[in-house]
Every structure is written in C-alpha cells, then in structure tokens.
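Undergrad: Questions regarding the structure given below will be posed in turn.
The values are calculated or read from the model by the stated rules, or taken from the named source; none is laboratory data. Here the structure is a predicted model, which means the values were calculated and not measured. Counting neighbours? That spans all protein chains shown, and the Cβs are built from the backbone with ideal geometry, glycine included.
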Amino acid sequence: MPPKFARKSKNTIPLHVLDQTEVTGFLAKQDKAVRTWAKANGFTGGRSQTLMVPGEDGKPVMALAGYGTATQRHRRRFVLAGAFEQLPEGTYSIASGVAEEDLLAECYGCLITAYAFDRYRSNSGAKARLVAPKSIDAKRVEAIVAAECLTRDLVNTPSADMGPAELAGAAQALAEEHGAECHITEGDALLEQNFPMIHAVGRASTRAPRLIDIRWGNKGPKLTLVGKGVCFDTGGLNLKPSGGMSLMKKDMGGAANTLGLAKLIMELGLNIQLRVLIPAVENSVSGNAFRPGDILNSRKGLTVEINNTDAEGRLVLADALTLADEDNPDLVISMATLTGAARVAVGSDLAPYFTDDEAVSAALMQSCGPMADPLWRLPFHPAYELKIEPAIADLDNAPGGGFAGAITAALFLRRFVGESRYVHFDIYSWTSVPGPARPKGAVSQGPRAILDALPEMLNL
C-alpha cells in the first residue's frame, strides 16, 4: 500500500524543525533538562541531524530535526525528509519550523521516505510516520505519493518482468481501478489499424508491440497524455555498447510517468476528458529488425529515413501523437526518456520541456517550484528544422552532426501534432546518487508540476 498520513493520537511526538541559526534561541525557551540534553548530544541543527528528547519517564516528549541553513535548503529538495528518515519508528507532527509555502513539498518528501521497492527482496523504507498538518490538502498529497509509487515500481521492475504485455497489464489495472476504458492494439493488428512505425520498431522482439489507449471522463477540456513505452532498448541493429544498455529497463519511464499522472488526475476526479496513449515495444535484434537506411511510413503519411535504429522512441511516439491529434484535444503532453543530449544540456535532476505556448510554459514554471519538481524550457528552434529533413524522405530520425539532439528530436515529434497545443518532456526518470526522499533508482519527473499547472493550462 502507498504511504499515507498517520492519525494524531496521545502518543504523537511533536517535531520541531530547526534552522541552524535558530537553535540557540529555541533552546533558550526550553527547560534546563532539554538544553543540557541537546548540548550533551551535540545537536546544532545541521541538515538531517535528529534528536529525540526524553521526558522524566524516558519517553520522548519532542523530537528535533536539523534544517540546515537557508543556503543549504536552496540547493536541495526535501531537506526535512533527510532528517525524517533518520527518526525512530513512531508518529510525528510538525510543531514548528517549516514555512507555510514549503509545507506541501516537505510533507510529500517525508511521506515518500516510506517507499521501498520490495518485489525481489525484503526491503522497507523509513519507519517514522507523519500526521498531516491541518493547512495542507492531505488527500492530494497522498494521491501524489501513490502516483509516485506507481511510477517508481514500473520503472524499477526489470525488463524480463516489465515487457510490453506487463506494461499493458499495469495500464489495464489502472483503468479498471478508476472505471476507465482501456483498448489494446497488438502485433500485426497495428498494421491493420495504421500504426506502421510502432510495429516496425517492435516487430523484431518475441514480445509483440502494443498500443495502449485509455479513456476516462466525459466532460471538461480534452487532455491527451502520450508516454514512450520502450520496455527495453538494445539500440536495434545500431547496437548499444553494454554500458549504454545497462539502464535500458527505464526506457519506458515516459510511459510510467504518464500512468502516474493519469492516476493522479483520476484519483482527484479532475474535470477533464483524459486520454492516455502508450506505444509499448521492445527494440530488439533479429532477422526482421528495421535497418539503418530503411524508409518507414508513418500514420500521418510522412516518410521517415532511418539513420539510427537507436533513435526508436521518437518513431513510436510519432504514430501515437498522430492518433492523439486526430481527436482534437485541447492539450497534448508527451513524456519520454528520449535523448542523451537532454542530459548533457541540463543533467539528470532537471526535466526539460518544449512548447510553443507561452501561457502553458508560464504555468509550468510557476508550478514547478512549489511542487519541488524542477523543470526547464528548451526551444523548438525553427532553424534546426532543416536538420531533420533528409534528401530522400520527409524526415530523418537521427540527423548527424552531434549537436542539438534534444531539440531535433522534439522538432521531429512536433511534425506529428497539428493544431493542438503541445508540450514535450524529455526526462531521465532515474536517480543515480541517492538523496532525501529520492533513493537510488526510479523517480518521477514532471507529473507534480503538471498537475499543479493543469487548472491554468486548461482553464479548469
């Protein structure tokens, strides 16, 4: 079960969150026993430092959590979670020290510390439990945490147990949970239904490619989410080296983040007509694998020259984006673990996005800070359109030169969206160096900020 807030009881321990510069003043207001105990244990309010303060009977009467300095907090997210995961098992309520504008993000961070990926071995997260402050929307925070757990579980699962069929099964289970419709187009039926590039990328695998199509809601603006579901990427005939293949179980991170966002929208009952499209494939090597130099037809009718079979994500997304646009949605959002160029540009912690809509971009940038879900806008630079136009087909899936790879990929995708407003996220969805509330492994990027920005983007 996803982590939830605890109920307050007589055993709830007040948690005082102390900036390093405020410890002396706080202790001056406490009795001598507390001051002596804090000094004896060397409590200074340093980041992630904790101290349980006992009463006369030995039971804790309060807990202290170091909050570091304002400069340290500015450079990190979920600072309180770093202390919270050090606390002993028990129920805690924040008694002081967290600014109102930081409460939602810090509570989310504390709650998600209980997450652990335990499918293959016994494993557990933090044992401390938090009582929801009265000023936050506890149901909303719990929904965000549940969505994060779903995304992490999907991405953390190895490809042997998370292929196209299993990803489709997870999508169907989510749809059934919320009374949504889910339709799966599989194997050669993709050709019959005119999804030629999804079929071309996935046909070499023994695990048939699929297009997952979820619909939920019958009123409100139309939002379509498109997520890259490449469940494993060998690179195809342009085979990746072993080091480049080691994390390719996470190449379906776009689909996982999309499903997490869909779960949020449905659990919160937003007034939206939601559609989710996920091309689920495995990019493998066999005698019928698509080849460098091939010309593929697309659902939109555009032809695509294949210069690198390892640039397959944009191919499957293109057919799905074409289908999305046929429904005339008010907003299309695609999410994909697409390019290494995006990682070079902004690193793994920032989620870059592309859009031509200034109002959409403003809403996202306004939301990403309070939701501790950092984003950065990259441009649809028109001068680079020439890079994706080869001599013998309409489009090139992997233009040479080595420059602006994230932008040219985004420009390629934009060719398959017509008049609909469009945002594309090129995410990493993985934490290599563990930090507070973010253990090594899968992580979502973008859904929290998108959720917060939806009212502005869709006039809800």
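Undergrad: Of all residues in region 113-130 being in contact (Cβ under 8 Å) with a residue 60 or more places away in the chain and closer than 19 Å to Gly66 by Cα, which is surrounded by the most Cβ atoms within 10 Å (Cβ to Cβ)?
TA: Looking at the filtered set, the residue picked out is Leu130.
Undergrad: Give Arg73, Arg77, Arg47 a once-over and let me know the one that is more than 18 Å from Thr21 (Cβ to Cβ), within 37 Å of the chain's Cα centre (by Cα) and of a type in the set (D, E, K, R).
TA: Arg77
Undergrad: Among the numbered criteria (1) surrounded by 22 or more Cβ atoms within 10 Å (Cβ to Cβ); (2) in a strand (DSSP E or B), which one does Lys263 miss?
TA: Of the numbered conditions (1) surrounded by 22 or more Cβ atoms within 10 Å (Cβ to Cβ); (2) in a strand (DSSP E or B), the odd one out for Lys263 is (2).
Undergrad: Further question: Please work out which residue is nearest to Arg314 (Cα to Cα), limiting yourself to region 341-365 and to residues that are surrounded by fewer than 20 Cβ atoms within 10 Å (Cβ to Cβ) and in contact with a helix residue (DSSP H, G or I) (Cβ under 7 Å, 6 or more places away or on another chain).
TA: Here the answer is Ala341.
Undergrad: Further question on the same structure: Val285 versus (1) part of a helix (DSSP H, G or I); (2) under 22 Å from Met162 (Cβ atoms); (3) out of contact with any strand residue (DSSP E or B) (no Cβ under 7 Å at 6 or more places or on another chain): which is the lone unmet condition?
TA: Answer for Val285: the failing condition is (1).
Undergrad: Scan region 153-180 for residues that are assigned to a helix (DSSP H, G or I) and either in contact with a Ser or Thr (Cβ under 7 Å, 6 or more places away or on another chain) or more than 24 Å from Ser246 (Cα to Cα) (or both) and jot them down.
TA: Result: Val155, Gly169, Ala171, Gln172, Ala173, Leu174, Ala175, Glu176, Glu177.
Undergrad: Test Ala40 against the stated conditions and say whether it is over 30 Å from Ala143 (Cα atoms), without any contact (Cβ under 8 Å) to a residue 40 or more places away in the chain, surrounded by fewer than 13 Cβ atoms within 10 Å (Cβ to Cβ) and hydrophobic (A, V, I, L, M, F, W, C).
TA: So Ala40 fits the description; yes.
Undergrad: Does region 214-223 include one or more residues that are surrounded by fewer than 16 Cβ atoms within 10 Å (Cβ to Cβ) and of a type in the set (Val, Ile, Thr)?
TA: No, because not a single residue in region 214-223 is surrounded by fewer than 16 Cβ atoms within 10 Å (Cβ to Cβ) and of a type in the set (Val, Ile, Thr).
Undergrad: Please determine, by comparing only the residues of region 414-432 that are surrounded by fewer than 24 Cβ atoms within 10 Å (Cβ to Cβ) and more than 18 Å from the chain's Cα centre (by Cα), which one is nearest to Leu454 (Cα to Cα).
TA: Arg421
Undergrad: Report, by residue number, each residue of region 266-280 that is crowded, with 24+ Cβ neighbours inside 10 Å and farther than 21 Å from Ala442 by Cβ. Reasoning before the result, please.
TA: Just the residues of region 266-280 that are crowded, with 24+ Cβ neighbours inside 10 Å, to begin with: 276-280.
Correct list: Leu277 only.
Undergrad: What is the number of the single condition among (1) under 20 Å from the mean Cα position of the chain (by Cα); (2) within 22 Å of Pro374 (Cα to Cα) that Ala99 does not meet?
TA: Here Ala99 meets the rest and fails (1).
Undergrad: Which condition breaks for Arg73 when tested against (1) crowded, with 19+ Cβ neighbours inside 10 Å; (2) not in a loop (DSSP other than H, G, I, E, B)?
TA: (1)
Undergrad: Can you tell me which residue among Thr322, Thr258 is in the same structural domain as Thr339 (by TED's automatic domain parsing), closer than 19 Å to Thr224 by Cβ, more than 21 Å from the chain's Cα centre (by Cα) and assigned to a helix (DSSP H, G or I)?
TA: Thr322
Undergrad: Since Gly25 meets every condition but one in (1) surrounded by 13 or more Cβ atoms within 10 Å (Cβ to Cβ); (2) among the small types (Gly, Ala, Ser); (3) on the phi < 0 side of the Ramachandran plot, which condition does it not meet?
TA: Going through (1) surrounded by 13 or more Cβ atoms within 10 Å (Cβ to Cβ); (2) among the small types (Gly, Ala, Ser); (3) on the phi < 0 side of the Ramachandran plot one by one, Gly25 breaks only (1).
Undergrad: Residue by residue through region 44-83, note down the ones that are without any contact (Cβ under 8 Å) to a residue 24 or more places away in the chain and on the phi > 0 side of the Ramachandran plot.
TA: Gly58
Undergrad: Just wondering, is there one or more residues in region 83-101 that are out of contact with any strand residue (DSSP E or B) (no Cβ under 8 Å at 6 or more places or on another chain), assigned to a helix (DSSP H, G or I) and either under 28 Å from Lys32 (Cβ atoms) or not hydrophobic (A, V, I, L, M, F, W, C) (or both)?
TA: Yes, because at least one residue in region 83-101 is out of contact with any strand residue (DSSP E or B) (no Cβ under 8 Å at 6 or more places or on another chain), assigned to a helix (DSSP H, G or I) and either under 28 Å from Lys32 (Cβ atoms) or not hydrophobic (A, V, I, L, M, F, W, C) (or both).
Undergrad: For region 181-247, which fully contained strands (runs of 3 or more DSSP E) count at least 2 residues that are acidic (Asp, Glu) and at pLDDT 95 or above?
TA: Per the criteria, 181-186.
Undergrad: Of all residues in region 370-399 being among the charged types (D, E, K, R) and crowded, with 19+ Cβ neighbours inside 10 Å, which is farthest from Ala200 (Cα to Cα)?
TA: Among residues in region 370-399 that are among the charged types (D, E, K, R) and crowded, with 19+ Cβ neighbours inside 10 Å, the one farthest from Ala200 (Cα to Cα) is Asp373.
Undergrad: What are the pairs with Cβ atoms under 6 angstrom where one residue, in region 211-234, is of a type in the set (Phe, Trp, Tyr) and the other, located anywhere, is in a strand (DSSP E or B)? Sequence gap at least six, or different chains.
TA: Correct list of pairs: Trp216/Leu274; Phe232/Glu282.
Undergrad: Another question, if that's okay. If I ask for residues that are surrounded by fewer than 24 Cβ atoms within 10 Å (Cβ to Cβ), of a type outside the set (D, E, K, R) and in contact with a strand residue (DSSP E or B) (Cβ under 6 Å, 6 or more places away or on another chain), which ones from region 201-213 would you list? Talk me through it step by step, then tell me what you get.
TA: The initial filter retains those residues of region 201-213 that are surrounded by fewer than 24 Cβ atoms within 10 Å (Cβ to Cβ), namely 203-208, 213.
Now drop any that are not of a type outside the set (D, E, K, R), which leaves 204-206, 208.
Across region 201-213, the qualifying residues are Ser205, Ala208.
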